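The values are calculated or read from the model by the stated rules, or taken from the named source; none is laboratory data. These numbers were taken from a predicted model, which means no experiment stands behind them. Ideal geometry is used to build each Cβ from the backbone, glycine not excepted, and the neighbour counts take in all protein chains shown. Surface accessibility is based on the protein's heavy atoms, side chains included, excluding ligands, DNA and RNA. Shrake-Rupley method; radii C 1.70, N 1.55, O 1.52, S 1.80 Å.
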Amino acid sequence: MIFGCAGTPRNGEAIPVHETFTIESRQLDEARIINVWVPDQELSDSLPLPVMYMADGGIEEDFPHIAQTFSALIKAKKIPPFMLVGIENTQRRRDLTGFTKVEKDKEVAPVVGGSAKFRAFINEELMPEIQRKYRTTDKKGILGESLSGLFVMETFFLQPEMFDYYIAFDPSLWWNDHSLVRTASAHLAKLPTEPKVLWFAGANTADIFPYTRLLAKILENEPPANLTWMYSDEPEEAHSTIFKATKEKALTWTLTRNH
């Protein structure tokens, strides 16, 4: 297990103290690097913690700034203590996309459509390993932006039982001719009885905001009784800015919802 050092610069951002381990995945047939951040005050108390998972979770990806945001919000008592688990990418566009029948979609990478295997890796391999290594509660969340946001939304619709909290920033809902939005009503009707929390946001991205807004309309018209949800329309933000611009309010709203 490797320990990161606070104060190491990454594009001007400090890398928080964290733990890193490698897991050999049968589902993905490769080794995956996992970064884990735990709030300082919980290190000595050893209290069980809920867990937030994220793709794009490498040290050269979004893990440092999300860990710093969790730290600041926890210290300010704006959210309860959470553990953050970041999954470093290998073939990002393979792992975060589902099936598509649209030929243009298939041009984004040599291999696409691996989200089912990536989800199985998280569910069957990573989660048990986190539970083995750390003291955790049964509460879990997942967050992501862009294609990672697409993966968050796909998981919410296809395997909603995996997580309690879902957070998606400018999710790439255009994928496969916006099939997740087109089939949203059918999936919402099949949500499990356990309460779920969903927060998602749309920037001024031309091929995304029509579908985030449409999904919000569907949720308004067909609100599932067991779902607490919020759509944050962000027309002043770009695809490249929305993650950092809205992450604090996303976490604060989502993680303070009562089940």
Problem set entry | Of residues in segment 193-239 being charged (D, E, K, R) and assigned to a helix (DSSP H, G or I), the one surrounded by the most Cβ atoms within 10 Å (Cβ to Cβ) | Arg213
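Only one of His178, His187 is within 20 Å of the chain's Cα centre (by Cα), on the phi > 0 side of the Ramachandran plot and not hydroxyl-bearing (Ser, Thr, Tyr); which?
Values: His187 fails: on the phi > 0 side of the Ramachandran plot.
It is His178.
Inspect all residues belonging to segment 50-60 and state whether any of them is in a helix (DSSP H, G or I) and within 13 Å of the chain's Cα centre (by Cα).
No - not one qualifying residue is present in segment 50-60.
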Exercise. Part of a loop (DSSP other than H, G, I, E, B), charged (D, E, K, R) and at pLDDT 95 or above - does that describe any residue in segment 168-183?
Worked result: yes
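Tell me the residue from Val102, Val51 that is under 29 Å from Thr241 (Cβ atoms) and crowded, with 19+ Cβ neighbours inside 10 Å, please.
Within the list Val102, Val51, the selection yields Val51.
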Seminar exercise, completed: If we keep only residues of segment 130-157 that are touching a residue at least 60 places away in the same chain (Cβ under 8 Å), open to solvent by 40 Å² or more (accessible area, probe 1.4 Å) and not in a strand (DSSP E or B), then the residue nearest to Lys247 (Cα to Cα) is Arg135
Problem set entry | Scope segment 24-41; condition open to solvent by 20 Å² or more (accessible area, probe 1.4 Å) and farther than 24 Å from Met153 by Cα; matching residues | Glu24, Arg26, Asp29, Glu30, Ala31, Val38, Asp40, Gln41
For this session: Check segment 161-184 and report whether any residue there is of a type outside the set (A, V, I, L, M, F, W, C), surrounded by fewer than 16 Cβ atoms within 10 Å (Cβ to Cβ) and touching a His at 6+ places or on another chain (Cβ under 6 Å).
Result: no
